[in-house]
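Report on one structure; see the data block that follows.
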Amino acid sequence: AAKAEGRNNYRFFLPSMHERVKERKTIEEDLRNALEYDQLELYYQPKIDCRTERVVGAEALVRWHHPDRGLILPGEFISVAEECGLINRLGAWVMNKACQQTQIWRETTLPGLRIAVNLSPAQFQDAELVRSVTKIMDQTRLPDGTLELEITESILMNNPEKAVSTLNELKALGVRIAIDDFGTGYSSLNYLKRFPVSSIKIDRSFVNDIHVDMDDKAIVDAVIGLGHSLNLEVVAEGVEEVEQHEYLRDKGCDFIQGFLFAKPLPAATFESWVLERHGTEQARVAVKS
Ligand code: C2E
Ligand code: MG
Ligand code: MG
Ligand code: MG
């Protein structure tokens, strides 16, 4: 009897395959509308110079204002967008929006601001990628080094030859490449030498316990050393505690992002946050180009 009951419980708690497929379908349909009816918004998380604590740039992170479900985070819809072939449209929207906003900021209140945009694997494989980045760089005239694309390690392993040529084309456009979530992927260190990468972002999971866990300390120390000896900028993500910031600063980490400074913020809030932090005039000189 207990066994039968257990089985029933199991069936009760686990959503059926059918339910899950149906839910995906609903998200997929809603996502088409999101693109059509302007329900996406970019939030911006400050990137801070670890030593001077000045803002040097922002990472654009997409948000979805769903008409019934409210604010939805990318963790819930990026993978759906990839599976149903909407990622390239979504990605193009993100890239355009982020670059246009950055151009406006650079011409007004935040002259030296840099911008980072996330690229998913499907976007990286898209034959149109280089062409659409060329177009947006022409339109916005962002100086070399202003736009940074964040990719993950897996992108490089799939088809290394193709990846090298795509990255070189992007580099020729003045675009920088960052390896996001560094250390969580395949981590063949060889690719850091072979690929035209300009920075690495240490994953949040290593930063979390940096001030208490000896293993995480060792990993972070090694990544900072490796990055610097290869002439790469090193960024740490997910900094929430003062102790984490202090540790990273003492180890020579270049930049940090995290809730300790700010969560990702809507454009207007981001702008006033930076101006309030630095003062209007200071923001002009502080922000690095
Ligand atoms: P990611 O690129 O590694 O972005 C960092 C994530 O960590 C963001 O989550 C950010 O809000 C969060 N975060 C930042 N600081 C802290 C912290 O101190 N503590 C904690 N707990 N979290 C922190 P978000 O915005 O939910 O994005 C999740 C992932 O979705 C991103 O990871 C990125 O891979 C993807 N994503 C976001 N926007 C886009 C986009 O426009 N295009 C593509 N292709 N992917 C995107
Ligand atoms: Mg990122
Ligand atoms: Mg990351
Ligand atoms: Mg990520």
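The values are calculated or read from the model by the stated rules, or taken from the named source; none is laboratory data. This one's a predicted model, so the numbers in the text were calculated from it and none came from an experiment. Using ideal geometry, Cβ is built from the backbone for each residue, glycine included, and neighbour counts are taken over all protein chains shown. Surface accessibility is based on the protein's heavy atoms, side chains included, excluding ligands, DNA and RNA. Shrake-Rupley method; radii C 1.70, N 1.55, O 1.52, S 1.80 Å.
The table below lists the values:
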{"read-out": "Pairs, first closer than 20 Å to Arg63 by Cα and without any contact (Cβ under 8 Å) to a residue 24 or more places away in the chain in the stretch 259-278, second in a helix (DSSP H, G or I) and charged (D, E, K, R), C-beta under 8 Å, six or more apart", "value": "none"}
{"read-out": "The stretch 239-271, subset open to solvent by 70 Å² or more (accessible area, probe 1.4 Å) and part of a loop (DSSP other than H, G, I, E, B), residue farthest from ligand 4 (Cβ to nearest atom)", "value": "Lys251"}
{"read-out": "Val274 being modelled with pLDDT of 95 or more, within 16 Å of ligand 3 (Cβ to nearest atom), surrounded by 20 or more Cβ atoms within 10 Å (Cβ to Cβ) and of a type in the set (A, V, I, L, M, F, W, C)", "value": "no"}
{"read-out": "Members of the stretch 114-142 found to be open to solvent by 30 Å² or more (accessible area, probe 1.4 Å) and within 16 Å of ligand 3 (Cβ to nearest atom), listed by number", "value": "Asn118, Pro121"}
{"read-out": "Wholly enclosed strands (runs of 3 or more DSSP E) of the stretch 173-238 bearing at least 1 residues within 22 Å of Leu129 (Cβ to Cβ), small (Gly, Ala, Ser) and within 16 Å of ligand 3 (Cβ to nearest atom)", "value": "176-182, 199-202"}
{"read-out": "The stretch 148-182 - residue that is within 13 Å of Leu192 (Cβ to Cβ) and at pLDDT below 90 and, of those, nearest to ligand 2 (Cβ to nearest atom)", "value": "Glu153"}
{"read-out": "Positions within the stretch 120-147 being modelled with pLDDT of 95 or more and either assigned to a loop (DSSP other than H, G, I, E, B) or basic (Lys, Arg) (or both), in sequence order", "value": "Arg131, Lys135, Arg141, Leu142, Pro143, Asp144, Gly145, Thr146"}
{"read-out": "Total residues in the stretch 59-71, condition touching a helix residue (DSSP H, G or I) at 6+ places or on another chain (Cβ under 9 Å) and away from ligand 4 (no atom under 16 Å from the Cβ)", "value": "6"}
{"read-out": "All positions within the stretch 90-119 that are in contact (Cβ under 8 Å) with a residue 24 or more places away in the chain, polar (S, T, N, Q) and farther than 20 Å from Asp38 by Cα", "value": "Gln103, Thr109"}
{"read-out": "Single condition Val56 does not satisfy, out of (1) more than 14 Å from ligand 2 (Cβ to nearest atom); (2) over 30 Å from Glu246 (Cα atoms); (3) within 16 Å of the chain's Cα centre (by Cα); (4) of a type in the set (A, V, I, L, M)", "value": "(2)"}
{"read-out": "Criterion violated by Asp181 - all others in (1) among the acidic types (Asp, Glu); (2) loosely packed, with under 15 Cβ neighbours inside 10 Å; (3) within 13 Å of Leu156 (Cβ to Cβ) satisfied", "value": "(2)"}
{"read-out": "Matching residues in the stretch 143-156 - criterion: being within 28 Å of Asn190 (Cα to Cα) and either in contact with a strand residue (DSSP E or B) (Cβ under 7 Å, 6 or more places away or on another chain) or surrounded by fewer than 19 Cβ atoms within 10 Å (Cβ to Cβ) (or both)", "value": "Asp144, Gly145, Thr146, Leu147, Glu148, Leu149, Glu150, Ile151, Thr152, Glu153, Ser154"}
{"read-out": "Given (1) open to solvent by less than 10 Å² (accessible area, probe 1.4 Å); (2) away from ligand 4 (no atom under 16 Å from the Cβ); (3) among the aromatic types (Phe, Trp, Tyr), number of the condition Phe77 does not satisfy", "value": "(2)"}
{"read-out": "Pair list, Cβ under 9 Å, 6 or more apart: the stretch 194-214 residue under 27 Å from Ser165 (Cβ atoms) and among the hydroxyl-bearing types (Ser, Thr, Tyr), other residue away from ligand 1 (no atom under 13 Å from the Cβ) and open to solvent by 30 Å² or more (accessible area, probe 1.4 Å)", "value": "Ser198/Lys171; Ser198/Arg176; Ser198/Asn231; Ser198/Glu233; Ser199/Arg176; Ser199/Glu233; Ser199/Asp254"}
{"read-out": "Elements of type strands (runs of 3 or more DSSP E) in the stretch 16-119, at least 2 residues being within 15 Å of ligand 1 (Cβ to nearest atom) and under 25 Å from Ser132 (Cα atoms)", "value": "40-49, 55-66, 114-118"}
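Residue-wise test of (1) under 20 Å from Ile151 (Cβ atoms); (2) within 16 Å of ligand 1 (Cβ to nearest atom); (3) out of contact with any helix residue (DSSP H, G or I) (no Cβ under 8 Å at 6 or more places or on another chain).
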{"residue": "Lys193", "(1), (2), (3)": "yes, no, yes"}
{"residue": "Asp203", "(1), (2), (3)": "yes, yes, yes"}
{"residue": "His211", "(1), (2), (3)": "no, yes, no"}
{"residue": "Lys217", "(1), (2), (3)": "no, no, no"}
{"residue": "Ser229", "(1), (2), (3)": "no, no, yes"}
